[in-house]
1. Accessible area, 1.4 Å probe, largest first: how do T172, T74, T230 sort?
2. 5 Å is the cut-off here: which amide hydrogens, built 1.01 Å from N in the peptide plane, fall below it relative to V248, excluding neighbours closer than 5 in sequence?
3. Checking the cross-link filter: which lysines have an alpha carbon closer than 30 Å to that of K126, excluding same-chain neighbours under 8 positions apart?
4. What size of dipole, in debye to the nearest 20, comes out for the range 139-255 about its Cα centre when the only charges are +1 on Lys and Arg C-beta atoms and -1 on Asp and Glu C-beta atoms?
5. Accessible area of I115, 1.4 Å probe, to the nearest 10 Å²?
6. Skipping prolines and chain starts, which residues have an amide H placed within reach, meaning under 5 Å, of the one on I149, given they are 5 or more residues away or on another chain?
7. Of I135, L203, G238, which is farthest along the charge dipole of the range 114-246 in the positive direction, counting Lys and Arg as +1 and Asp and Glu as -1 at C-beta?
8. Probe of 1.4 angstrom, ligands and nucleic acids ignored: what's the accessible area per residue over the range 169-237, in square angstrom?
Amino acid sequence: MGKADPRMNDEASPLFDNLRKLITTIDELRDLGLQQYISLPRIAVLGTQSSGKSSLLESIVGLDFLPRGDGVVTRRPLELRLVRVYGEEGLKPWAVFDAVKDKKFNNFNDVRAKIEELTDQVAGQKKGIVDDPIILTIYSPTCPDLTIIDLPGITRIPLAGSDQPRDIERITREMAGRYCKDPRTIILCVIPANADISTSDALKMAGELDPKGLRTIGVVTKIDIMDRGTDAKRMLLGQDIPLRLGYVGVKNRSQ
């Protein structure tokens, strides 16, 4: 026999159970299209290309499953629904795509390939970017109960030979704005430590969408690949550009 459910002796288990029910209800309301009528809470990951957004998400989930590569990788918003599951010791995580509800993915290399396939089906194979989210639910004994949206990075210049229009910067900014302007959306603003924080498009946009800073958290990535003799101390302490909720430094799985 496996170990007993760890929640049984946890005084906080009713809180976690209620939280899971609440998140599930919110996701169901979003599936019904009520997001356009009422504000539903969520977390959105905002950043520029190659800022470390996807690696940050993998660190939160604890799994390696997102497409990697140069240039624009996230070309459709990814709505990631994380469900923490309890059961026998050694329980393995699995995933289900909303577009393929009858298939259970146990191999996360297959999850990565499916994300790429679903992206190409809608956005094409020439780096096009489309505001049509992929909905992916991951069940795991190690992930937190959250719903997070990974947005395509803010893109300034279209790639040569791609399907990206000349106004790709406007398109990616407007797409991010649609998700992040909602007052119930928490903004995870991803800033690479090896870039000048004063030129951060994501931080500038977060400030425009959340001028009071009530729902923006700065996430500083790539700290360990900064130039020799430099550090992120001033950035993390908010001495250069203050954030009301502050900054968190992370070392992502791929770094």
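1. T230, T74, T172
2. Those qualifying (amide H under 5 Å, at least 5 residues apart or on another chain) are G218, V219, V220.
3. K53, K101, K103, K104, K114, K181, K204, K222
4. That gives a dipole near 220 debye.
5. Near enough 10 Å² of accessible area.
6. For I149, the qualifying residues are I43, A44, V45, L80.
7. Going by the charge dipole, the pick is G238.
8. 53 Å²
The values are calculated or read from the model by the stated rules, or taken from the named source; none is laboratory data. Model, not experiment: these values are computed from the prediction. Don't worry about glycine lacking a Cβ; one is built from the backbone with ideal geometry, like all the others, and counts go over all protein chains shown. To get the accessible areas, we keep the full protein, side chains included, count just its heavy atoms, and leave off ligands, DNA and RNA. Shrake-Rupley method; radii C 1.70, N 1.55, O 1.52, S 1.80 Å.
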